[in-house]
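Scroll down for the structure; my scribbles are underneath it.
The values are calculated or read from the model by the stated rules, or taken from the named source; none is laboratory data. What you are looking at is a predicted structure, and each value in this text was computed from that prediction instead of being measured. Heads up, the Cβs are rebuilt from the backbone with ideal geometry, glycines too, and the neighbour counts pull from every protein chain shown.
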Amino acid sequence: KGLFQEPIASADNWIVGESLFFFDILDSTYRTCHHFPEDRGIRLCGYTVYCRETELEKFFEDCTDNIDRQNLVRELVKWTKQIEKCVRQYFESTQPTNVEFIALFGLTLWKDEIINHNECLIKTASRIRSEILNELHIYYKMRETEDYASRIELFYDFARRFQVMRLMHMFENVW
């Protein structure tokens, strides 16, 4: 049957829909850190497109006249700096592996705050978070990582902080 029982089968689309923008923030920032570790002015806009803050005006040059390009560029630069401050610095300080990043992705998706107090979804989210943490445990044991509990705590803490940023609407209306 998949993740959900019949009464909440439509919830999977809702959860992904609600989280898609935040997935983009996490994914693009993570990839930016890997591909452009020394260039903080780059933002990945997709899987094949990136831009530098200094070139945003040129990027929007051929927009229609009824768009306030200066304001658009100013807001994008402001947002990019906010993402850098909140997310990129975290990735740079923790240096997550690909496996840890996928776990972080899952922990961020399956937060109780996203579930909207639906008891069945809360149980499902709790089960999935436990499975993610169990997989991390196995991953660390296979790598013979010592004191990995503190590492897991770092990722869980970031997932909580990211959710707080989301609840404070820090990422709204930017793209």
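Below are the figures for this structure:
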item: Region 67-83 residues that are under 17 Å from Arg43 (Cβ atoms), paired with ones that are among the charged types (D, E, K, R) and outside any helix (DSSP H, G or I) (beta carbon under 6 Å, 6 or more apart); result: Thr80/Arg43
item: Residue within region 11-34 that is basic (Lys, Arg), modelled with pLDDT of 80 or more, surrounded by 11 or more Cβ atoms within 10 Å (Cβ to Cβ) and under 28 Å from Gln95 (Cβ atoms) present; result: yes
item: So Asn98, is it under 19 Å from Arg31 (Cβ atoms) and exposed (fewer than 12 other Cβ atoms within 10 Å of the Cβ); result: yes
item: Unique match (being surrounded by fewer than 17 Cβ atoms within 10 Å (Cβ to Cβ), under 15 Å from Leu26 (Cβ atoms) and basic (Lys, Arg)) among Arg88, Arg160, Arg143; result: Arg160
item: Unique residue being surrounded by 12 or more Cβ atoms within 10 Å (Cβ to Cβ) and hydroxyl-bearing (Ser, Thr, Tyr) when the list is Ser93, Ser126; result: Ser126
item: Count - residues of region 58-84 that are β-branched (Val, Ile, Thr) and assigned to a helix (DSSP H, G or I); result: 4
item: Pairs, first within 18 Å of Leu76 (Cα to Cα) and in contact (Cβ under 8 Å) with a residue 40 or more places away in the chain in region 28-54, second in a loop (DSSP other than H, G, I, E, B) and not charged (D, E, K, R), C-beta under 6 Å, six or more apart; result: none
item: Subset of region 41-57 [part of a loop (DSSP other than H, G, I, E, B) and out of contact with any Lys or Arg (no Cβ under 7 Å at 6 or more places or on another chain)]; result: Cys45, Gly46, Tyr47, Thr48, Val49
